[in-house]
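Asker: One structure, as structure tokens, below. Some questions next.
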């Protein structure tokens, strides 16, 4: 037996079923542009005692709707209503059954849903990322993205497909093969789609936005990185400014500068760094931004020569030519270099020798064209890098030693001072070479530049003495400890000429029993002769050997005591001819 409550429950369920079955819903209304009509559609389940569908319309979007027509065909699901001015209107449909309205639809506008402003197009994780604001139209069920293809053509297509509706407020274009893209959107309702968001006044949108594509180039000579990007477009009030952002070697983001142009130059990039740049555009009058793609660049710019120093200028002992030694930076983009010299401080530098390879940090070169026995030269190295920038070294000079063999068997020596930039002389060592025997003659203070050497007459080989100077200097290069630099001069050989002393008397059989000269460095003579004459001018003796003297005889005949005349002729090693004349007393 059915209880009263159960009967009431069945009645309620039946009533709901009937109410559901006799209904009208899902109305759509839109203007048929250019036709002057509105198209209204709906879905419905008519009742058994169906009387009709009553169409209600308002003359505008704010006046209450009034009945404008009744459709008596139970199969009807659409209606066109005159709207000559194509003005905005609201519509709804009522279901009339047995003279009573049993169901009404919701109110709909004949206007398309408003497409909102785009927020930004950014490049996130190397892919385009589009975001927008929500549409103010309540009937919007989603949005459709349109992409310009190809870029710049003005041709927009539904993307990624015609029937793709996005329910959220952003879209990541993970399939894009390009980072320079332009998008627009439309708002979608159940029965209507907004116009493509291209900035129409009725559209409510600021128009399509394109991504910012950052490009850069690096000048290896100036070490400048030039950045350029397309201006961000179609924000309502435009771009306020662009922020140049950068990270160094994967470090935190740095704000380099803010600019109003769409170009920027980053100066003095450091070689070996990995720099990553991107651009952030800030919208005017609102807190909003868009970011470009990120571009990383390993900095490989021209490496200039950071240091170049002469460390010594010394004369080679064998060739007697200047050897120039230097230190330079090998971590550089080397193009060429040359050895330069001049023999006068006021003269222009001249290229002497090309240097085609950078070699090692320490190098040397010999100047075979120099006449180091006669000239003091100033030297430097000039280097050119890959960008044509020239770097010149410090300056150094050879020590020029000169000398003269003077009377009294004294060799007089004079030399030019030690000179090397960043260095000071400490002392001079004067060396003397006899035959192949080298000995240090004397050590002199750095203030001296002359010396007189008294030749030892008892050592015949000293008639031909050679000399050279070795300067010791202390060089302090920037950023380096003190080092020692040695500079050898040219070698000077001095010949003392022979000197002959003749006695004025001799005693045969005595201590001084022959008449011959006492010779100083006589072995240096090229030729020699001694002639003895009696008082009548007759030749009584002749010798061509310094060691062979006159013993007071002629043809083994003892000559009487008396005064005799002698003439000595000789040729010095320098080619000069000498004659000595005099008398000698023969004592018995």
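Asker: Would you confirm whether or not segment 110-121 contains a residue that is touching a strand residue (DSSP E or B) at 6+ places or on another chain (Cβ under 7 Å), in contact (Cβ under 8 Å) with a residue 60 or more places away in the chain and closer than 16 Å to residue 55 by Cβ?
Answerer: For segment 110-121, residues touching a strand residue (DSSP E or B) at 6+ places or on another chain (Cβ under 7 Å), in contact (Cβ under 8 Å) with a residue 60 or more places away in the chain and closer than 16 Å to residue 55 by Cβ: present.
Asker: Next question. Just checking: which of the strands (runs of 3 or more DSSP E) contained wholly in segment 484-583 hold 1 or more residues that are on the phi > 0 side of the Ramachandran plot and either touching a strand residue (DSSP E or B) at 6+ places or on another chain (Cβ under 7 Å) or touching a residue at least 40 places away in the same chain (Cβ under 8 Å) (or both)? Let's see the steps before the verdict.
Answerer: Details: elements: 492-495, 499-501, 518-520, 527-533, 539-543, 562-571.
Hits in segment 484-583: 562-571.
Asker: Another one. I'm told residue 364 meets every condition in (1) assigned by TED's automatic domain parsing to the domain that holds residue 332; (2) under 30 Å from residue 463 (Cβ atoms) except one. Can you identify the failing condition by its number?
Answerer: It fails just one condition, (2).
Asker: Filter segment 89-142 down to residues that are assigned to a strand (DSSP E or B), over 60 Å from the mean Cα position of the chain (by Cα) and crowded, with 16+ Cβ neighbours inside 10 Å, then give me how many there are. Explain how you work it out, then say what you get.
Answerer: Going through segment 89-142, the residues assigned to a strand (DSSP E or B) turn out to be 90-97, 100-104, 108-109, 118-124, 127-132, 140-142.
From what's left, over 60 Å from the mean Cα position of the chain (by Cα): 90-97, 100-104, 108-109.
Next cut, crowded, with 16+ Cβ neighbours inside 10 Å only: 90-97, 102-104, 108-109.
Within segment 89-142, residues that are assigned to a strand (DSSP E or B), over 60 Å from the mean Cα position of the chain (by Cα) and crowded, with 16+ Cβ neighbours inside 10 Å number 13.
Asker: For residues that are over 26 Å from residue 396 (Cα atoms) and buried (at least 17 other Cβ atoms within 10 Å of the Cβ), tally how many sit in segment 442-473. First the steps, then the outcome.
Answerer: Keep residues of segment 442-473 that are over 26 Å from residue 396 (Cα atoms), which gives 452-465.
Still in the running and buried (at least 17 other Cβ atoms within 10 Å of the Cβ): 453, 455, 462-465.
Looking only at that region, the number is 6.
Asker: Can you tell me which residue in segment 474-483 is surrounded by the most Cβ atoms within 10 Å (Cβ to Cβ), limited to those that are closer than 14 Å to residue 420 by Cβ and touching a residue at least 24 places away in the same chain (Cβ under 8 Å)?
Answerer: Looking at the filtered set, the residue picked out is 475.
Asker: Let me ask something else. Just for segment 487-513: of the residues that are modelled with pLDDT of 90 or more and loosely packed, with under 14 Cβ neighbours inside 10 Å, which one is nearest to the chain's Cα centre (by Cα)?
Answerer: 493
Asker: If you don't mind, there's one more thing I want to ask. Go through 565, 577 for me and flag whichever is closer than 18 Å to residue 503 by Cα and either surrounded by 17 or more Cβ atoms within 10 Å (Cβ to Cβ) or assigned by TED's automatic domain parsing to the domain that holds residue 505 (or both).
Answerer: Numbers: 577 fails: closer than 18 Å to residue 503 by Cα.
Within the list 565, 577, the selection yields 565.
Asker: So which of 151, 143, 133 is outside the structural domain of residue 279 (by TED's automatic domain parsing), touching a strand residue (DSSP E or B) at 6+ places or on another chain (Cβ under 9 Å) and closer than 15 Å to residue 211 by Cβ? Even if it seems obvious, please write down each step before you answer.
Answerer: Numbers: 143 fails: closer than 15 Å to residue 211 by Cβ; 133 fails: closer than 15 Å to residue 211 by Cβ.
Within the list 151, 143, 133, the selection yields 151.
For (1) in the same structural domain as residue 376 (by TED's automatic domain parsing); (2) under 24 Å from the mean Cα position of the chain (by Cα), each residue gets a yes or a no:
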position: 303; (1), (2): no, yes
position: 312; (1), (2): yes, no
position: 317; (1), (2): yes, no
position: 324; (1), (2): yes, no
position: 329; (1), (2): yes, yes
position: 335; (1), (2): yes, yes
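Listed here are the residues, each with its yes/no results for (1) under 19 Å from residue 208 (Cα atoms); (2) free of Cβ contacts under 8 Å to residues at least 12 places away in the same chain; (3) touching a helix residue (DSSP H, G or I) at 6+ places or on another chain (Cβ under 9 Å).
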site	(1), (2), (3)
90	no, no, no
93	no, no, no
100	no, yes, no
129	yes, no, no
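The values are calculated or read from the model by the stated rules, or taken from the named source; none is laboratory data. What you see is a predicted model, and the numbers here were worked out from it, not measured in a lab. Cβ: placed from backbone, ideal geometry, glycine included. Neighbour counts: every protein chain shown.
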